[in-house]
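The values are calculated or read from the model by the stated rules, or taken from the named source; none is laboratory data. The shown structure was predicted, so the numbers you read here are calculated from the model rather than taken from an experiment. Using ideal geometry, Cβ is built from the backbone for each residue, glycine included, and neighbour counts are taken over all protein chains shown. We work out accessible area using only protein heavy atoms, side chains counted, and drop any ligands, DNA or RNA first. Shrake-Rupley method; radii C 1.70, N 1.55, O 1.52, S 1.80 Å.
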Amino acid sequence: MAPMIAKLKKMVEGFAKPELKALLRSVPKTNAAVKRITGLRRDEMKEKCFELIENGDILSKTVFELYKKRTEQLVLKQFKIGTPHATVEQTLTTESTAVVAEDDKECQEVPIDLSLSLSPLPSCSSADVVASKLDCSVISAGDQIENNFFVGSPFYELRAVISEFTPLQSLMTFTLTPEHAAEFTQAGFEIQVRFCKLNSSGSFNGEDAYPPKLKLKVNGCVVPIVQLYDEMIDLTATPVTLCHINSFRPNRLDVSWNARRGDGIWVISMYLVKMLTTEDLLERMRCKGVRLEKATIGMIKNKIGKKASDSMYIVSVRCPIGKARMSLACRALSCTHVRCFDARTFLESQEKHPFSPLRCPLCCKRVDFDDLRIDEYFQGILEELSPKDGNKIKIHFDGTWLPDN
Ligand SMILES: [Zn+2]
């Protein structure tokens with residue numbers, strides 16, 4: 001059996017009834033094999049499709065497109081999430097092909113166009129959720145869209161999905177839409193690609209992962225592939241920023257990797273992102289409101305209550321990162337320790353490694369930027385505590401405090 005026919009049949013093997021029906025309907029009605037397809041069981045439809053593939057009556061392009069759609073839908077289903085792009089009319093700017101990423105030269109050399117043309121960003125429900133979270137963001141809330149798939153960095157704001165998950169190919173092309181190109185030419189915008197591996201059910205764990213021995217070129221220029229070292233999870237992949245991109249002309253992406261059969265499906269996706277600074281994030285943090293004083297006092301009561309009501313709690317007001325006294329006391333809502341850290345110092349240190357996961361500098365737990373808050377109780381202490389009183393305080397059961405000097 002020719003390798004391409006085997007590959008097409010392998011893709012069709014997993015198709016559900018609606019996809020099989022769409023495939024059969026793509027065949028001209030003059031073909032006797034598709035005259036009666038209503039009432040057929042899935043297995044019967046599949047057998048018919050196999051026969052048509054072997055006879056060359058089904059276009060490989062149609063199989064590839066259905067396979068690509070199915071892969072994307074499986075991911076959405078796995079996460080039980082709606083897509084914010086569901087109301088967006090997505091059109092492939094040119095004919096697109098997608099194949100299983102395996103070590104088959106004949107298959108990998110089919111060029112694929114990654115360009116997805118998105119109409120102006122929708123005011124759909126997911127966008128509204130983001131807008132309410134970022135009520136006074138520096139960018140107009142109506143333009144926010146949410147990255148449903150990957151664990152994101154707070155330092156990169158997703159502006160547009162240029163290409164959804166697409167099975168990896170050795171040669172791909174993409175052209176920015178005029179809207180994306182107009183944003184991309186502004187300072188602070190980047191095009192990023194992200195790689196990950198889907199398992200057989202089409203799901204993945206939300207983390208970037210590089211295919212083995214990945215090499216990438218954009219328009220003939222080598223793109224450095226960086227691995228991030230995180231002390232808690234060792235080496236990990238990151239989004240890859242593409243350089244040497246033509247804003248208004250087609251771009252060529254050459255990818256090589258060491259694929260192994262049965263190793264899952266490696267996929268690539270492409271995004272237009274805007275870089276944010278520590279100042280941007282501090283502004284967003286302020287807009288979220290403070291963690292109320294009574295919540296912190298409640299936490300202190302819990303801690304001291306486990307000992308004796310006349311006990312006192314001694315806490316440092318130095319930031320564990322910069323060692324200087326905090327000026328903007330901050331905590332993650334998910335943390336249970338009383339002590340805080342300085343918001344600006346924390347974000348500035350994180351900005352140097354924007355793809356590193358956010359970890360609380362006190363307990364090392366992974367935290368989400370959306371869970372960071374200015375602590376009203378400690379902020380009040382910082383305003384009252386004189387520099388000559390040192391950097392430690394004693395806190396009583398009821399939340400009253402005095403310098404520990
Ligand atoms: Zn913590």
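Before moving on, here are some points about what is shown:
- Any hit, region 388-396, residues being of a type in the set (Val, Ile, Thr), under 24 Å from CYS287 (Cβ atoms) and away from the ligand (no atom under 16 Å from the Cβ): no
- When the criteria are applied in full, CYS363 meets the requirement of being free of Cβ contacts under 8 Å to residues at least 40 places away in the same chain and open to solvent by 20 Å² or more (accessible area, probe 1.4 Å).
Residue-wise test of (1) assigned to a helix (DSSP H, G or I); (2) under 21 Å from TYR156 (Cβ atoms).
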site: SER311; (1), (2): no, no
site: ILE321; (1), (2): no, no
site: GLN350; (1), (2): yes, yes
site: HIS353; (1), (2): no, yes
site: PRO357; (1), (2): no, yes
site: LEU362; (1), (2): no, no
site: ILE393; (1), (2): no, no
site: LEU402; (1), (2): no, no
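- Note on region 61-71: residues that are modelled with pLDDT of 80 or more and among the polar types (S, T, N, Q) amount to 1.
Conditions tested, residue by residue: (1) at pLDDT below 80; (2) buried (at least 19 other Cβ atoms within 10 Å of the Cβ); (3) in the same structural domain as LEU168 (by TED's automatic domain parsing); (4) of a type in the set (Asp, Glu).
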{"site": "ALA2", "(1), (2), (3), (4)": "yes, no, no, no"}
{"site": "LYS17", "(1), (2), (3), (4)": "no, no, no, no"}
{"site": "THR30", "(1), (2), (3), (4)": "yes, no, no, no"}
{"site": "ALA33", "(1), (2), (3), (4)": "yes, no, no, no"}
{"site": "LEU74", "(1), (2), (3), (4)": "yes, no, yes, no"}
{"site": "LYS77", "(1), (2), (3), (4)": "yes, no, yes, no"}
{"site": "GLY82", "(1), (2), (3), (4)": "yes, no, yes, no"}
{"site": "HIS85", "(1), (2), (3), (4)": "yes, yes, yes, no"}
{"site": "VAL100", "(1), (2), (3), (4)": "yes, yes, yes, no"}
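Conditions (1) closer than 23 Å to GLU157 by Cα; (2) assigned to a helix (DSSP H, G or I); (3) more than 34 Å from the chain's Cα centre (by Cα), marked per residue:
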| position | (1), (2), (3) |
| --- | --- |
| GLY289 | yes, no, no |
| ILE300 | no, yes, yes |
| SER327 | no, no, no |
| HIS337 | no, no, no |
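- Among the candidates LEU281, LEU292, residue that is touching a helix residue (DSSP H, G or I) at 6+ places or on another chain (Cβ under 9 Å) and surrounded by fewer than 17 Cβ atoms within 10 Å (Cβ to Cβ): LEU292
- Residues within region 164-174 that are buried (at least 20 other Cβ atoms within 10 Å of the Cβ) and either under 18 Å from MET275 (Cβ atoms) or among the polar types (S, T, N, Q) (or both), tallied: 2
Quick grid of which residues meet (1) within 16 Å of the ligand (Cβ to nearest atom); (2) farther than 19 Å from GLU383 by Cβ; (3) hydrophobic (A, V, I, L, M, F, W, C):
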| position | (1), (2), (3) |
| --- | --- |
| CYS319 | yes, no, yes |
| MET326 | yes, no, yes |
| ARG331 | yes, no, no |
| THR336 | yes, yes, no |
| LEU347 | yes, yes, yes |
| PRO357 | yes, yes, no |
| PRO361 | yes, yes, no |
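- Candidates ASP342, ASP375, ASP371, filtered to the one that is modelled with pLDDT of 95 or more, among the acidic types (Asp, Glu), within 16 Å of the ligand (Cβ to nearest atom) and closer than 30 Å to ALA237 by Cα: ASP342
- Subset of region 179-194 that is out of contact with any Phe, Trp or Tyr (no Cβ under 8 Å at 6 or more places or on another chain), part of a helix (DSSP H, G or I) and not charged (D, E, K, R) - its residue that is least open to solvent (accessible area, probe 1.4 Å): HIS180
- Which numbered condition HIS353 misses (of (1) open to solvent by less than 60 Å² (accessible area, probe 1.4 Å); (2) away from the ligand (no atom under 14 Å from the Cβ); (3) under 21 Å from the mean Cα position of the chain (by Cα)): (1)
- When region 366-391 is limited to residues that are over 22 Å from GLU207 (Cα atoms) and in a loop (DSSP other than H, G, I, E, B), the one that is least open to solvent (accessible area, probe 1.4 Å) turns out to be LEU385.
- Out of LYS197, LYS217, LYS213, sole residue that is assigned to a strand (DSSP E or B) and surrounded by fewer than 16 Cβ atoms within 10 Å (Cβ to Cβ): LYS217
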